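Only one structure is covered here, and it is reproduced in the block below.
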Amino acid sequence: MKFASEFRDPAAARALLSAVAAKAEAIGASRANPVRIMEICGGHTHSIFRYGLDKLIHEGVEFIHGPGCPVCVLPMARVDECVEIAERPGVIFTTFGDAMRVPGHRKSLMQAKADGADIRMVYSPLDALELARRNPDRQVVFFGLGFETTTPSTALSIQQAAREGVTNFSVFCNHITVPEPIRALLDDPDMLLDGFIGPGHVSMVIGIRPYDFIARDYGKPIVVAGFEPTDLLQSALMLLTQIAEGRAQVENQYARVVPEHGNPVSLAAIADVYERRPSFEWRGLGEIDASGLRIRARYAAFDAEEKFGIGYGAASRNHPETPGCACGQVMTGKLRPTGCPQFGTGCTPDKPLGALMVSSEGACAAYWQYAGARVAAQ
Ligand code: SF4
């Protein structure tokens, strides 16, 4: 296949749906006793809803939406710290657009901007670095947020700033990693999962081998998948086939993009610039060992935590979430977005209560955008 349209071919999708149905029935999966597949990545959640795969697929296959949206899992206390930095005199705070409306305890970055803070949306950390070059009398801070997909570009920007000797550029680092929360989910006795659809973009960087523990230690299959409808259906079929054959392996459906051992240039940049934090707090999942990255001491001059005296300490974590918000339960697949009492009433995209309704990758936003009419009709 060469073109995106080939991955959206209705005949190919119908054939895969039939194959999935046959496999599901062969292993006795039913609505009452479904195979529970977690798609870790928020991009996959959106594809599933955009193409209606949750409704088209055999009733014995249930998609569980995982914690793979970096904006959604950021604790509110870290948003508070962003606001605190952004409101300092002389600071230009830069961020991807997704993070602008995420609620903090006091205010969101959008509200801080309305109150006068100089907060600007950028498309890349290199845009922030360029702002620093053009504004030598200001401190330009980039909100480093995201999984292994975005981590390399932040690392490369820091390396570039170091090479140029730029002294007014820094990164507020909130980069996180994917394998560790999967382990946390597997260790949760309430999580009854039969397999995983692995993230496509993250795996472009890290490859597929970091997922070996899922099959080896927990006996669960995982298939790294692309984002088109036939990618997801083929991945579901590969998972069901493993289950039917009693196998648990790491398989790569997205081999046209994902190399087995990842991208060596990106991995080298990550290793040069970052080290693991002992632990990091995830909204809805709590503290997870070694799941967050911080900037190494040799790049301390580019670390906003160092520059502004905001370390990752007690103030950064364990803050209560918004009352009535069920984001944590939705994020861990224990509740569907429509099961949250705030969905569509207290929480809408226009007035989000939780991050899952803000981010373009959030499960609640996906339900609202693609299944809103369906849900409203139920
Ligand atoms: S509907 Fe809103 S409050 Fe409820 S889980 Fe989703 S984002 Fe959180």
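None of the figures in this text is laboratory data; all of them are computed from the coordinates on show. The model shown is predicted, which means the values in this text are computed figures rather than measured ones. Here the Cβ is made from the backbone with ideal geometry for all residues, glycine too, and neighbour counts use every protein chain on show.
Quick one: net charge around A128, please, counting Lys, Arg +1 and Asp, Glu -1 for every other residue with C-beta under 15 Å from its C-beta. Counting the neighbours of A128, the net charge comes to 0. For I92, the amide hydrogen comes within under 5 Å of the amide hydrogens of Q139, V140, V141, counting only partners 5 or more places away or on other chains and with H modelled in the peptide plane. Could you give the angle, 0 to 90 degrees to the nearest 10, between helix 151-164's Cα long axis and the longest principal axis of the Cα atoms of the chain? Compared with the principal axis, the helix lies near 20 degrees. Axis angle, to the nearest 10 degrees, between helix 125-134 and the longest C-alpha principal axis of the chain: 20 degrees. Full extension of the chain between H261 and D350 gives 27.9 nm of extra length, using 0.36 nm per residue less the Cα-Cα distance. Isolated cysteines of the chain, defined as having no other cysteine beta carbon under 4.7 Å away, are C41, C82, C173, C325, C327, C340, C347, C364. In summary, the lysines within cross-link reach of K220, defined as a Cα separation below 21 angstrom excluding same-chain residues under 8 places away, comprise K23, K334.
Peptide packing: for 85-95, 260-270, 39-49, the average count of neighbouring Cβ atoms within 10 Å per residue gives the ranking 39-49, 85-95, 260-270, highest mean first. Return one number: the angle in degrees, 0 to 90 and rounded to the nearest 10, between the long axis of the Cα atoms of helix 76-86 and the longest principal axis of the Cα atoms of the chain. With both axes taken from Cα atoms, the answer is about 30 degrees.
Antiparallel beta bridges, as assigned by DSSP with both residues in the chain, represent about 20 percent of the total such bridges.
In a DSSP loop and with at most 13 other Cβ atoms within 10 Å, the trypsin sites (Lys or Arg not before Pro) in the range 30-67 are R31. The residues neighbouring T45, those whose beta-carbon lies less than 15 Å from its own, together hold a net charge of -3 under the Lys/Arg +1, Asp/Glu -1 convention. Placing +1 on the Cβ of every Lys and Arg and -1 on the Cβ of every Asp and Glu, with no other charges, gives the range 1-86 a dipole of roughly 400 debye about its Cα centre.
Applying D = kT/(6 pi eta Rh) to the chain, where Rh is the Kirkwood radius over alpha-carbon pairs, T corresponds to 25 °C and eta to 0.890 mPa s, the Stokes-Einstein value obtained is 114 µm²/s. For E59 and K334, a Förster radius of 25 Å and the Cβ-Cβ distance give a FRET efficiency of 0.75, rounded to the nearest 0.05. When the trypsin sites (Lys or Arg not before Pro) in the range 243-314 are filtered for DSSP coil states and for at most 13 other beta-carbon atoms within 10 Å of their beta-carbon, the remaining sites are R247, R256. Placing +1 on the Cβ of every Lys and Arg and -1 on the Cβ of every Asp and Glu, with nothing else charged, gives the chain a dipole about its Cα centre of roughly 440 debye. Ordering of 101-107, 118-124 by packing is 101-107, 118-124, highest average first (other Cβ atoms within 10 Å, averaged per residue). Counting only Cβ charges, +1 for Lys and Arg and -1 for Asp and Glu, the dipole size of the range 94-205 around its Cα centre is about 600 debye. Rounded to the nearest Hz, the phi-derived 3J(HN,Hα) couplings of the range 203-209 under the Karplus curve 6.51 cos²θ - 1.76 cosθ + 1.60 (θ = phi - 60°) are 6, 4, 8, 9, x, 9, 5, where x marks glycine and proline. Shape class of the range 232-336 from the Cα gyration tensor (axes a ≥ b ≥ c, square roots of the eigenvalues): oblate, since a/c reaches 1.5 or more and a/b does not exceed b/c. Between A271 and A32, take the C-beta separation as r, use R0 = 35 Å, and let me know the FRET efficiency to the nearest 0.05. After rounding to 0.05, the efficiency reads 0.15.
Taking other Cβ atoms within 10 Å as a rough exposure proxy, T348, T230 sort from fewest to most as T348, T230.
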